[in-house]
Every structure is written in C-alpha cells, then in structure tokens.
Amino acid sequence: MIKIGIRYGKIDFFKNKREIVLLKSFPCIYGKCSFCNYIEDNSKDEHLINKINFETLQNITGEFGILEVINSGSVFELPHDTLQKIKDIAIEKNIGIIYFEIYYGYMNRIDEIKKKFGNIEIRFKMGIETFDNDFRVNTLNKNFKLDKDAIRTLNDKIFSVCLMVCVKGQTKEMIDNDIKIAMENFKVTTINVFINNGTPIERDPYLYEWFINKYSYLKSDTKIEILLDNKDLTVYEQ
Ligand code: SF4
C-alpha cells in the first residue's frame with residue numbers, strides 16, 4: 001500500500017508558533033486505546049525508524065526557537081540515536097523549547113528526558129482525552145484514572161493536555177466539565193474534535209454542531225488549540 005504523509009511542518013497559525021515533526025517510533029507501550037489508529041505508523045525496525053527520522057529532522061530551521069516532536073506514542077519510544085539527533089539539531093539551531101508526547105504510565109520517568117536535554121526546556125503533552133474516568137477507561141480503553149491529587153501532580157509535571165470531544169457516548173455536560181478542568185489546571189489545552197478513523201469509536205454529529213456553536217470563540221484563547229481535523233497540525237501519515 002502506498003503511504004501518503006507529511007512529517008515536517010510549521011505551526012504559524014496558533015499564538016504559540018513552532019516547527020513540528022512527526023517521527024517514527026517503536027510501538028506505543030500501551031497500544032490499546034480504542035480510538036487510536038496512529039500506532040499503525042509504529043515500527044520495530046530501528047534502522048528504518050532512524051533513517052526516516054534523520055531525513056525528517058533535516059528540515060528543521062529553528063526559526064521559531066520552538067520544536068514540537070510527535071511520534072504516535074511517547075518520547076520514550078524514540079530510539080536513542082533519534083533523541084541524540086534531536087538534541088544536536090536543537091543546539092545547532094538555537095531551539096530553546098521542545099515539546100514531547102508522553103503516556104501517563106511514563107510519568108515517573110520524565111526527569112530522564114529533562115536531564116538528557118540539559119538546558120533545553122522540555123514541555124510534555126499528554127493525551128488524557130477526558131476527565132471522566134468512566135468514559136476514559138471503559139469507552140476509550142485508556143487505562144488510568146485521575147482524582148484531584150493526580151490532576152494536581154499532572155499540573156506540576158505536564159505543560160499541556162489533549163482532550164477528545166464529540167465522541168458518541170459523551171454528553172454536553174462531560175465536555176463542558178472537561179474544558180473547565182483543563183483550563184483551570186493546565187497552561188495549554190489541545191482540543192481534538194474526533195473524526196471517524198476506522199476504529200470502533202464514532203463521532204457524534206449532534207455534539208459536533210453543539211461544540212462548534214458553543215466553543216468556536218476559544219480559537220482566540222491563547223491557552224487553547226482546537227484541532228478540527230487530524231491534519232490541522234500540518235503533519236500526518238495515512
Ligand atoms: S497511548 Fe497514545 S499512541 Fe498509545 S494507543 Fe493510546 S492514543 Fe495511541
């Protein structure tokens with residue numbers, strides 16, 4: 001099958017301008033979220049992973065001083081050589097801030113990455129999808145629960161969370177509550193509006209209409225990034 005994709009892009013349409021790369025990585029350590037099709041990009045071939053990643057990283061100019069790295073998993077699933085290359089390029093191009101993705105199960109290891117990158121500020125993004133534990137665990141099949149203490153700990157360690165909205169089974173109240181908690185607790189929140197992607201999870205068109213009418217104004221909020229399409233971050237594999 002021919003794969004079409006773009007692995008390098010510039011996010012210059014949000015307040016927080018940055019370059020972004022979609023890197024290839026080893027399989028996501030969890031890999032069971034019911035809505036996730038991005039793990040199809042994962043590979044066990046370290047040579048291939050590094051080859052594709054090195055080619056992608058060559059595009060980085062450093063023009064915004066900020067780089068976001070996504071990899072259909074967590075930063076810990078990037079090979080050592082790829083991480084080293086990211087660091088070398090960041091130093092060479094004067095990049096002072098790097099965003100990485102992290103899964104909840106790696107929370108106790110985030111200092112390893114901070115240490116590895118020295119003076120470069122590392123900001124972690126985490127897909128928590130919703131603060132409704134029942135929906136996260138039983139519908140989205142994401143296997144962690146968050147109480148108030150856990151949210152406080154996340155607030156200390158994580159820069160940004162990602163929410164998923166407009167999924168069948170969600171309610172307006174759940175989405176209102178998720179956005180409220182995220183905005184009260186995190187510096188930046190990404191809101192992913194779910195698009196059908198071949199997994200058993202489906203978009204709720206009624207919730208979508210309601211969400212657009214109610215929350216489009218958040219597009220001008222510097223603490224919120226709304227993604228209406230899974231290509232909105234400019235990089236994608238399909
Ligand atoms: S943790 Fe992230 S990459 Fe892994 S299966 Fe879940 S959504 Fe996909």
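Within the chain, the cysteines lacking any other cysteine Cβ closer than 4.7 Å to their own Cβ are Cys28, Cys162, Cys166.
Cβ-Cβ distance of Asn119 and Lys51, R₀ of 30 Å, FRET efficiency by 1/(1 + (r/R0)^6): the value works out to about 0.55.
Please report the antiparallel percentage of DSSP beta bridges with both residues in the chain, rounded to the nearest 5. Beta bridges within the chain, antiparallel portion: roughly 20 percent. The relative contact order of segment 1-145 comes to 22 percent, based on Cα pairs under 8 Å that sit 6 or more residues apart. When the Cα gyration tensor is reduced to axis lengths a ≥ b ≥ c, the ratio a/c is 1.5 or higher for segment 13-99, and with a/b not above b/c it is classed as oblate.
Of Leu140, Leu48, Leu22, which is the most mobile in a GNM of the chain whose springs link Cα atoms less than 10 angstrom apart? Evaluated over the chain, the most mobile residue of the options is Leu48.
The distance separating the Cα centre of segment 165-204 from that of segment 4-54 comes to 21 Å.
Look at the Cα gyration tensor of segment 121-238: its axes a ≥ b ≥ c give a/c under 1.5, and that counts as rounded.
Taking Lys157, Lys142, Lys172 as the candidate residues, the one with maximal mean-square fluctuation in a Gaussian network model of the chain, Cα springs under 10 Å, is Lys172.
Laboratory data are not the source of any read-out in this text; all were calculated from the coordinates shown. The structure displayed is predicted, hence computed values, not measured ones. No Cβ is skipped: glycine too gets one built from the backbone with ideal geometry, and neighbour counts run over all protein chains shown.
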